[in-house]
1. Considering every residue within the stretch 57-66, establish whether at least one is modelled with pLDDT of 85 or more, touching a helix residue (DSSP H, G or I) at 6+ places or on another chain (Cβ under 9 Å) and buried (at least 16 other Cβ atoms within 10 Å of the Cβ).
2. Taking GLY30 as the residue in question, decide whether it is on the phi > 0 side of the Ramachandran plot, in the same structural domain as TYR150 (by TED's automatic domain parsing) and not acidic (Asp, Glu).
3. Kindly provide the set of residues from the stretch 21-32 that are surrounded by 12 or more Cβ atoms within 10 Å (Cβ to Cβ), closer than 16 Å to SER104 by Cβ and not hydrophobic (A, V, I, L, M, F, W, C), ordered by number.
4. May I ask you to verify whether PRO48 is out of contact with any strand residue (DSSP E or B) (no Cβ under 7 Å at 6 or more places or on another chain) and either surrounded by fewer than 17 Cβ atoms within 10 Å (Cβ to Cβ) or part of a helix (DSSP H, G or I) (or both)?
5. One residue is enough: does the stretch 9-19 have a residue meeting the conditions in contact with a Lys or Arg (Cβ under 8 Å, 6 or more places away or on another chain) and closer than 20 Å to PHE97 by Cα?
6. State yes or no: is LYS91 in a helix (DSSP H, G or I), of a type in the set (D, E, K, R) and at pLDDT 90 or above?
7. Which residues, taken from the stretch 7-20, are surrounded by fewer than 19 Cβ atoms within 10 Å (Cβ to Cβ) and under 15 Å from the mean Cα position of the chain (by Cα)?
8. Scan the stretch 33-45 for residues that are part of a helix (DSSP H, G or I) and either surrounded by fewer than 18 Cβ atoms within 10 Å (Cβ to Cβ) or basic (Lys, Arg) (or both) and jot them down.
Amino acid sequence: MIRIGLLLLMAYAAIGLVASIIVHFAATAGMRPGNSTLFAAFHIGIFPLWLPVVYVAWKLTKGIKEPSVWDFGWNNAYWKAILSGCPTWLKYMTYGFFAYAMVSFVFFVITAPTIRQPAGVAPSSAAWRNFSGHWMFFYCTGLAVLTTAYRRGPGELQARCPNGHAVGYTDGFCSTCGARLITRDMPH
């Protein structure tokens, strides 16, 4: 049953990713892809996906220091763990969308108009372009994390020592039994 739920969430993430890519290309062409209601729906649509994604990421990264604000969310061991079961192309696509979202945000801050729009008015194409860059990253990351969970299996989200004890991905030895962890399945 959990695997079916993961498949449904993966489909949700894939649909959100494709829709945000379409919106992004339309906005880049200078179009306003929709009204403020659709704009809000894209924002809110990430949350039903990210509640399970955060839980799965938490299970995958037990024993790894979480990324801090000062390193802009980047911790190599953390990202290796949450993307350890997804295909290589999806891993690099996630990294690419992360970089693109950061560059897009800086570009938006530099070029955004300072005039506020009244409530209910459709966001500008620049706003659609900027936020769709972030939506692409969030939906892609959600898809990658859920794919990792699906491919590993719900019971195999956390790394284990040869004796079956839960360990962190960066541990050298099991804290429960002391077993050396050289041969365990490390994320690449």
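The values are calculated or read from the model by the stated rules, or taken from the named source; none is laboratory data. Note that the coordinates shown come from a computational prediction; the quantities given were computed from them, not determined experimentally. Don't worry about glycine lacking a Cβ; one is built from the backbone with ideal geometry, like all the others, and counts go over all protein chains shown.
1. Yes, the stretch 57-66 contains at least one residue that is modelled with pLDDT of 85 or more, touching a helix residue (DSSP H, G or I) at 6+ places or on another chain (Cβ under 9 Å) and buried (at least 16 other Cβ atoms within 10 Å of the Cβ).
2. Yes, satisfied.
3. HIS24, THR28, listed by residue number.
4. yes
5. no
6. yes
7. Passing the criteria: ALA11, TYR12, ALA14, ILE15, VAL18.
8. SER36, THR37, LEU38, ALA40, ALA41, HIS43, ILE44 - these are the residues of the stretch 33-45 that are part of a helix (DSSP H, G or I) and either surrounded by fewer than 18 Cβ atoms within 10 Å (Cβ to Cβ) or basic (Lys, Arg) (or both).
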